[in-house]
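Quick note: the coordinates plus some simple rules give every number you see, no bench work behind them. Keep in mind it's a predicted model, so treat the numbers as computed, not measured. Counting neighbours? That spans all protein chains shown, and the Cβs are built from the backbone with ideal geometry, glycine included.
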Amino acid sequence: MIELAGVSLKYPDGTLALKGIDLEIGSGELIFITGPSGSGKTSLLKLLMGMEYPTSGALRVLGQPIVKGQESRIRRLRKRIGPVFQEFRLIQGRTVLENVMMGMRFLGLPNRQIKQSAQSALVRLGLEHKTKSRVGNLSWGEAQRVAIARAVARRPRLILADEPTGNLDHDNALIILDLLTSFRDTNTTVIITTHATHLIEHQQDAAFIRMNDGNVTVERRRKAHEECLV
Ligand SMILES: Nc1ncnc2c1ncn2[C@@H]1O[C@H](COP(=O)(O)OP(=O)(O)OP(=O)(O)O)[C@@H](O)[C@H]1O
Ligand SMILES: [Mg+2]
């Protein structure tokens, strides 16, 4: 699903944000990325979304190589990715339903189908009573859930969420993490960056990528009952 071989990312100002990363992520994996501020978490997600390109090494996402000069392929790839950005990127003056539908416009599906998918994503995220509200009037936690609904409504193969628990209290952060992880299935990989390590330490059957100054270490934890079967 995702393969990085010696991937580095150097920004134009010379900052080396990722340093020769080797990593393989399979379909249906749940991945938590942690690490101090500036360690490269967002940079790694940007690479996976095709928003930045490796300056050395090789990267494939959903079988597609991420290289400069392949923009139309990368646009196609993005249709299969559901991004949840740190700053949400919602359109304040539009309603909740419109925002979620807008996330699917570029898929070229019939309007009725887009509306149905958007509505069922909003129900799953507990926002059915807010579909007609303007996004600018929502609480932070609600806006975060709209951003997630927009990402998942199109049933992506890969969900990438950058710091989705930022600015949320403990209970709401847990709700958001549970919702996001609930979208993982054999076909959908969920990757979440978070500073809230205390909220994820109990997670089983997940991989933990710890970033430090552009380097990664990976720990995979399997479900307790699977270990008993081995
Ligand atoms: N567009 C850019 N141009 C130059 N340097 C950048 C750019 N974006 C990020 N950086 C630098 O790359 C490094 C990694 O940044 P990144 O945003 O990936 O960190 P992060 O782990 O997501 O941090 P945070 O937890 O604060 O979100 C930092 O030194 C940052 O200043
Ligand atoms: Mg970041």
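Overview of values
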{"read-out": "Helical segments meeting 15 Å axial Cα length and Kyte-Doolittle -0.5 threshold in the chain (DSSP H)", "value": "140-152, 170-182"}
{"read-out": "Estimated [θ] at 222 nm from DSSP helical runs (n ≥ 4, -39500 (n - 2.57)) normalised by residues in the chain, nearest 500", "value": "-9000 deg cm²/dmol"}
{"read-out": "DSSP-defined beta bridges in the chain - what % are antiparallel, rounded to 5", "value": "55"}
{"read-out": "Quarter of the Cα convex hull surface for the stretch 1-71, i.e. its orientation-mean projected area (nm²)", "value": "4.8"}
{"read-out": "Per-residue Cβ neighbour rank within 10 angstrom, fewest leading, 85, 183", "value": "85, 183"}
{"read-out": "Volume per residue that the Cα convex hull of the stretch 89-155 spans, once the total is divided by residue count, Å³", "value": "73"}
{"read-out": "Choice from 81, 191, 200 showing the highest fluctuation, given a GNM over the chain with Cα pairs closer than 10 Å", "value": "200"}
{"read-out": "GNM top mover of 18, 45, 179 - the chain, alpha-carbon springs below 10 Å", "value": "179"}
{"read-out": "Size-normalised alpha-carbon gyration radius of the chain, reference 2.2 N^0.38 Å", "value": "1.01"}
